[in-house]
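One structure is given below, encoded as structure tokens.
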Amino acid sequence: MQIYRRDHVIFLASVFCFWLATYIYVPIFSLYLEHIQFPYGTIGVILGSYGVMQILLRFPLGILSDRLKHLRKSFYVSGFVIAAISGLILVFFESFTMVLIGRLLSGITAAMWVMATIMYTQYFNSENSGRAMGGMQFLTVMPQFASMITAGFLVESLGWLFPFWVGIMVSIIGLLLSLCIKVVPSNDSEDERLSFKQYIIETLKIKGLIPVSMISLLTHSLLFMSIFGFTPNLAASLGIGEQEMIWLMTAFFIPHAAASLFVAFYKLAHKSQLRIMFLSLLIAGTGLISLSLLHAIIGLALGFVLPICLSQAATLSPTSLKTSVMGFFQSFYALGIFISPLIAGRIADWFYLTTVFILAGVTSLFALLIVFFTLVAKQGKYHEHSTHHVSQ
């Protein structure tokens, strides 16, 4: 099947809408919940429910998608419908039960990301999967950035509910775009139909999946401890105002987006990908100098690491397990999205807020160790192969 430029544009535009609909109200959501008189414990439950749904659903959805490949687009399209319903619930209801349901639905929407990553990867050959994932990461970052710099302004100008209305409208636009995306047909005539249990076993056997999933979990933990976690609190404690916060967000997101674009347009060998991840995590783990510089460093580092991890997960598996592997990978790193803010919150209560950022640095160094041992293992295999070849 021939894929044209307009097919890329339509798909990537739908991706932008997917994440803008999901993130547009996130920067003000905890403040909104406080505004409607929810206690902090309840707010924590509602915020955490988003990550829980992704942990629970992404792997099973991936397996289901591998069994029913023709439904991948339908799952992705349904994500926009669910996002619109989620937004409507959050607009019209203020009870704990309904708000929780609304946020759970947004987690279900985010779980449909598994389908998007696999469908877009099929627009490229396996050697160019890094380009696909770099582009996807860029179109994930930009809606987050747009949400960060506009959500507060929208609330101040048009009221608490307006960001939710924006999310609903963007969901509808994304729905229309997603209906128009072209799907590359799968050559699955020879694929063996496995049982659900066999899909799990075969997925866990994939070589290299656990290390790359662990790296992604740790880097997402770093992300949700800092810019999506306690950065606003630390900034406020340092006397940083609303205007300065925009510059702080810019310091994170611009290098992050630039690094994602680099991965998208510059073809990297597998060994080079590991070396870039190593250097990025080393810098992120030791860059605790000043708040803006810290976030610029984290943004740049994660801009390389996240799309490279995504690219490696997309190319590890055979065609018959593509979405199962991606589902496992994304469910695994969603643990970091869920658990890291809880741990960071406890650390902040027990010690100081700045301790959270020391923990973020330590988290980067753990990821660095995994990359280091992966590099050493690959180097050892290379020498073993070379020696064997010479002896022949």
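Laboratory data are not the source of any read-out in this text; all were calculated from the coordinates shown. Every value quoted in this text rests on a predicted model; they were computed, and no experiment measured them. Cβ: placed from backbone, ideal geometry, glycine included. Neighbour counts: every protein chain shown.
Per-structure values
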| read-out | value |
| --- | --- |
| Residue order, fewest to most beta carbons within 10 Å, for THR315, THR219 | THR315, THR219 |
| Computed lengthening from LYS207 to LEU71, 0.36 nm per intervening residue step minus Cα-Cα distance | 46.2 nm |
| Protection proxy ranking, peptides 78-91, 196-209, 60-73, average beta carbon neighbours within 10 Å, highest first | 78-91, 60-73, 196-209 |
| Relative packing of 4-12, 112-120, 335-343, which averages over residues the other C-beta atoms within 10 Å, highest first | 112-120, 335-343, 4-12 |
| The stretch 8-121: C-alpha gyration tensor shape, a/c 1.5 cut-off, then a/b vs b/c | prolate |
| Gain upon complete extension [ALA146, ILE343; 0.36 nm per residue less C-alpha separation] | 68.2 nm |
| At R0 = 35 Å, FRET efficiency that the Cβ-Cβ distance of ILE172 and ILE358 yields, to 0.05 | 0.20 |
| Nearest-0.05 FRET efficiency for LYS197 and PHE153, computed from C-beta distance (R0 51 Å) | 0.50 |
